[in-house]
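This report concerns only the one structure given below.
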Amino acid sequence: MISFLSRFVGLWFVAGGLVALVVDAAKTIAASALTVTPFGVAWSNLSPATLASVQTFVQQKLEPHVGHWLWNPLIQMILLLPTWLLLGAFGLFLAYLGRRRRLKTAYA
């Protein structure tokens, strides 16, 4: 059941990555210049309140325990990645985790 759920959610993330890639491709064609939407911008456009709450949580709850390197260099770098790349990679990772494994049989 968990593997099915992982594959299902992973395929939805891959589909979202493909949609983001098509949107970026359409923007690139319209502008006649390479246009890439960073994940942070896409997240901010979809739900700015959740982005702000995640930033507050990380800076107030996690950084005092792990250090001040977590939000500023690490998460900021992730938020600057292209949306299609991040969604596609995460989706492929989840689909890989939920893959069906072959049974190894010993042949005589």
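Nothing in this text is a laboratory measurement; each read-out follows from the coordinates by a stated rule. None of the values given here were measured: they were computed from a predicted structure. When we count neighbours, we look across all protein chains shown, and the Cβ atoms used for this are built from the backbone with ideal geometry, even at glycine.
Quick check for you: which residues of region 70-94 have the amide N under 17 Å from the point 7 Å beyond the Cα of Q59 toward its beta carbon?
70-80, by backbone N distance to the label point.
How big is the charge dipole of the chain about its Cα centre, in debye rounded to the nearest 20, if each Lys and Arg gets +1 on its Cβ and each Asp and Glu gets -1 on its Cβ?
Once rounded to the nearest 20, the dipole reads 680 debye.
Membrane-span-like helices in the chain: DSSP H runs reaching 27 Å or more (Cα, own axis), mean Kyte hydropathy at least -0.5? Each step should come with its number before you reach the end.
On the way: long enough: 2-31 (43 Å, 1.60).
Those that clear 27 Å and a mean of -0.5 are 2-31.
Taking springs between alpha-carbon atoms closer than 10 angstrom, which of A25, A33, A95 fluctuates most in the Gaussian network model of the chain?
Its mean-square fluctuation being the largest, the pick is A33.
With a 10 Å cut-off between alpha carbons and a GNM built on the chain, which of V41, V23, V58 moves the most?
Highest fluctuation of the listed residues: V58.
Given a Förster distance of 25 Å, report the FRET efficiency between K104 and I2 from their Cβ-Cβ distance, rounded to the nearest 0.05.
That gives a FRET efficiency of 0.75.
Which of W71, G88, L34 sits farthest toward the positive end of the charge dipole of the chain, with +1 on the Cβ of Lys and Arg and -1 on the Cβ of Asp and Glu?
Final value for the positive-end residue is G88.
If a/c stays under 1.5 just call it rounded; otherwise compare a/b with b/c (prolate if a/b is bigger, oblate if not). Do that for the chain, with a ≥ b ≥ c from the square roots of the Cα gyration tensor eigenvalues.
On the way: a/c = 2.54, a/b = 1.29, b/c = 1.96.
Oblate is the answer for the chain, as a/c is 1.5 or above yet b/c matches or exceeds a/b.
Which trypsin sites (Lys or Arg not before Pro) from region 6-105 combine a DSSP loop assignment with at most 12 other Cβ atoms within 10 Å? Write down the numbers at each step before the final one.
Working: sites: R7, K27, K61, R99, R100, R101, R102, K104; in loops: R99, R100, R101, R102, K104.
For trypsin sites (Lys or Arg not before Pro) across region 6-105 that sit outside H, G, I, E and B with at most 12 neighbouring Cβ atoms in 10 Å, the list reads R99, R100, R101, R102, K104.
With contacts defined as alpha carbon pairs under 8 Å and 6 or more residues apart, what's the relative contact order of region 38-81 in percent? Working shown, then result.
Numbers: 20 pairs, mean separation 25.1, N = 44.
About 57 percent, as a whole number.
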